[in-house]
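Take a look at the structure set out below.
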Amino acid sequence: MAPALSRFATGRADPTAVFLNVPFDDQYEPLFIALIAALTSIGRKPWCVLELPEHGQGRLIRILDHIKACQVSLHDLSRVSSPPRFNMPFELGLAYAQKRYLRSARKHSIVLLESVCHRLTRTLSDMAGFDPAIHSNSPRRAILCVLDSLGTGATDPAVPDVYRMWKQLMKAARQLKMTAGQDDIYSRSLFRKLVAASTELSVRYGFIPR
Amino acid sequence: MRKTNVVHHLIKKAAKRSLKRGFARCQGTAFVRHRRVHVARPSTAREILDSLGISPSEVRAALKAIDA
């Protein structure tokens with residue numbers, strides 16, 4: 001059994017795994033890559049629903065399993081345009097319910113992202129008291145949000161260094177898309193290759209050991 | 001900062017230091033002054049790749065894309 005799947009069987013959450021609950025659209029691609037770059041630069045494992053193949057069990061079950069297997073979940077609630085995307089707030093609700101009612105998920109941490117200040121109080125007033133990190137749709141700000149929320153302090157890389165790595169990762173993502181003949185990176189195989197590229201770049205930049 | 005918060009902050013700092021030096025090898029947990037403090041130890045590249053089950057061929061494809 002693959003290590004990723006064995007986590008589901010044992011029921012233990014991986015303390016360094018981070019579940020990404022973000023919109024999978026073209027405009028979000030640079031931010032998605034920025035989140036992956038920032039997470040690998042601090043030795044975190046980016047997980048998302050794309051990585052498990054669909055075998056008829058349904059997407060919702062896969063999402064629940066993923067949230068349970070990760071100690072941290074990152075929810076981007078910035079897609080509030082018309083028609084609104086309900087997936088992200090719904091998955092945030094699932095994560096919160098697991099944290100509240102599952103004994104094994106008590107230590108689960110929830111990180112909220114938004115693009116506009118103070119908008120969350122109007123769009124999702126139930127989350128009052130949770131301060132979202134504001135990325136303003138900028139990859140540099142998204143990197144800062146991740147390092148601020150999940151960094152451990154002195155050993156964290158500097159934002160400009162991770163930003164330079166993100167630029168290189170964007171080029172690699174374009175190359176991967178061209179090779180695969182796909183228009184976006186939101187597929188299982190490209191996501192895995194992107195994480196592999198980001199991990200290799202993190203090693204080359206000296207952020208994490210091999 | 002309240003007194004209890006200051007104490008917790010100092011203990012957490014010491015836990016991070018001990019994790020960094022490699023005294024506490026178990027995943028993200030350090031025992032400092034008889035208290036159990038949770039600090040997520042950064043994963044190595046190998047651990048990140050293993051957790052997603054990324055194969056060597058996928059790593060090779062990624063390296064090719066980086067160096068292209």
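If the limit is 27 Å between Cα atoms, which of A:LYS45/B:LYS64; A:LYS167/B:LYS13; A:LYS167/A:LYS193; A:LYS99/A:LYS193 go over it?
A:LYS167/B:LYS13; A:LYS99/A:LYS193
Run the helix sum for chain A: -39,500 (n - 2.57) per DSSP H stretch of 4+ residues, divided by residue count, reported at 222 nm to the nearest 500 deg cm²/dmol.
Details: 8 runs with 102 residues, N = 210.
That calculation yields -15500 deg cm²/dmol at 222 nm.
When a footprinting reagent is the concern and you count Cβ atoms within 10 Å, what order do B:ASP50, A:ASP14 take, fewest first? Before the final figure, lay out each step's value.
On the way: B:ASP50 15, A:ASP14 22.
Ordered from fewest to most neighbouring Cβ atoms within 10 Å, B:ASP50, A:ASP14 come out as B:ASP50, A:ASP14.
Using a Gaussian network model of chain A with C-alpha springs under 10 Å, which one of A:GLN27, A:GLN175, A:GLN57 is most mobile by mean-square fluctuation?
Of A:GLN27, A:GLN175, A:GLN57, the most mobile in the Gaussian network model is A:GLN57.
Computed from the coordinates by the stated procedures, all read-outs in this text should not be read as laboratory data. Remember, it's a predicted structure, so these values are computed and weren't measured experimentally. Glycine gets a Cβ as well: all are built from the backbone with ideal geometry, and neighbour counts include every protein chain shown.
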